[in-house]
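J.: Can you read through this structure? Questions will come right after.
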């Protein structure tokens, strides 16, 4: 009796619920629930982004400190609001971008799965390719929206540091940047972001899809078996796959992210308008090759936590948004 009660209390799910495709989703619920849960998730990891950005931009005074010391420095100087600088702009400004990103991600994955159906390739490879294509398409479309938002948020995060300006708020950032550089000033780092993050996004989603497939099969689960995973097992597997993908991504992309961040927020190195090459040379001159890994600790933590919390949140959103029969 006790065993039967436990089974009722913790219902098990079909293995198909680990990969819910676009045609099974209630689109309105998907976007509303997604907006709420992703805003909460962003709030949890925003302080690590502030620490990482300040370490990448600041001169020797802060850049030589470790992440925890920078966190304490911000708390002492600005209190709790200091580690949440730019969050309001990020939370509100990200809502339209998330709709664009989530829709393009799911639609492109669904289309790729349909086009590759019946091809002579291992299922893990097919899933990895579909997820990779989806990540690439979603990132390319999202860049057009998120790069200007990123410029605003990061300038709010680092204002007051050497080489940066002070702003009264997001609108003031947009006004001053456009006055100084025109519309293209809002797209500083766009090319670098698109060229580097698109393959990284494809790699992340592809690795996640393939890793999840391998883990389920390694645990003995198959689509055609009655054996079903519990909610706890599903979250554990998805979190593990997300953590691995996020950790690997941070290792590969930190040098590029450091150059991009400095390019977006520092206005003058004394040699005219910054460029990718000027920014990279200035960073190399300041700190040598290790300078490209400024903020690696917080970024590694940020990407690992982000990979885990994002994918667990995302998969939960999809399960909550399945069309009712």
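J.: Rg and Dmax of the stretch 20-110 over Cα atoms: what are they, in angstrom?
T.: Taking only Cα atoms of the stretch 20-110, I get Rg and Dmax of 17.4, 53 Å.
J.: Turning to a different aspect of this structure: Computed over the Cα atoms of the stretch 38-168, what is the convex hull's projected area averaged over all directions, in nm²?
T.: Details: hull surface 40.6 nm².
Convex hull of Cα atoms, orientation-averaged projection: 10.1 nm².
J.: To the nearest 10 degrees, how steep is helix 190-218 against the longest Cα principal axis of the chain, on a 0 to 90 scale?
T.: 30
J.: Could you order the peptides 18-24, 284-290 from most to least packed, using the average number of other C-beta atoms within 10 Å per residue?
T.: Numbers: 18-24: 16.6, 284-290: 11.3.
For the peptides 18-24, 284-290, the packing ranking is 18-24, 284-290.
J.: Taking the Cα centroid of the stretch 22-38 and of the stretch 293-319, what is the distance between the two, rounded to the nearest whole Å?
T.: Using only Cα atoms to place each centre, the spacing works out to 19 Å.
J.: Roughly what angle does helix 87-115 make with the longest principal axis of the chain, taking Cα atoms, 0 to 90 degrees, to the nearest 10?
T.: The angle comes out at about 40 degrees.
J.: Can you sort 53, 253 so the residue with the fewest Cβ neighbours within 10 Å comes first? Could the numbers behind the result be given before it?
T.: Numbers: 53 29, 253 20.
Lowest to highest Cβ neighbour count: 253, 53.
J.: For the stretch 13-320, divide the Cα radius of gyration by the Kirkwood radius and give the resulting Rg/Rh value with two decimals. Could you put the intermediate results ahead of the total?
T.: Details: Rg = 20.4 Å, Rh = 20.5 Å.
Value, to two decimals: 1.00.
J.: Taking other Cβ within 10 Å of each residue's Cβ, how do 177, 171, 322, 50 sort, fewest first? Could you put the intermediate results ahead of the total?
T.: Values: 177 23, 171 11, 322 14, 50 26.
Sorted ascending by nearby Cβ count, the order is 171, 322, 177, 50.
J.: Okay, next question. Can you show me the helix-derived [θ] at 222 nm for the chain, built from DSSP H runs with n ≥ 4 at -39,500 (n - 2.57) apiece and divided by the number of residues, rounded to the nearest 500. Could the numbers behind the result be given before it?
T.: Working: 12 runs with 237 residues, N = 325.
So the helix-based figure for the chain works out to -25000 deg cm²/dmol.
J.: Pairing the Cα long axis of helix 123-158 with the longest principal axis of the chain, what angle in degrees results, from 0 to 90 and rounded to the nearest 10?
T.: Helix 123-158 sits at roughly 30 degrees to that axis.
J.: Right, another one. For 69, 249, which order do you get if you count the other beta carbons within 10 Å of each Cβ and list the fewest first?
T.: Values: 69 13, 249 22.
By the 10 Å Cβ count, ascending: 69, 249.
Every number here is computed from the coordinates shown, using simple stated rules; none is lab data. What you are looking at is a predicted structure, and each value in this text was computed from that prediction instead of being measured. Because the Cβ atoms are built from the backbone with ideal geometry, glycine has one as well, and the counts that use them run over all protein chains shown.
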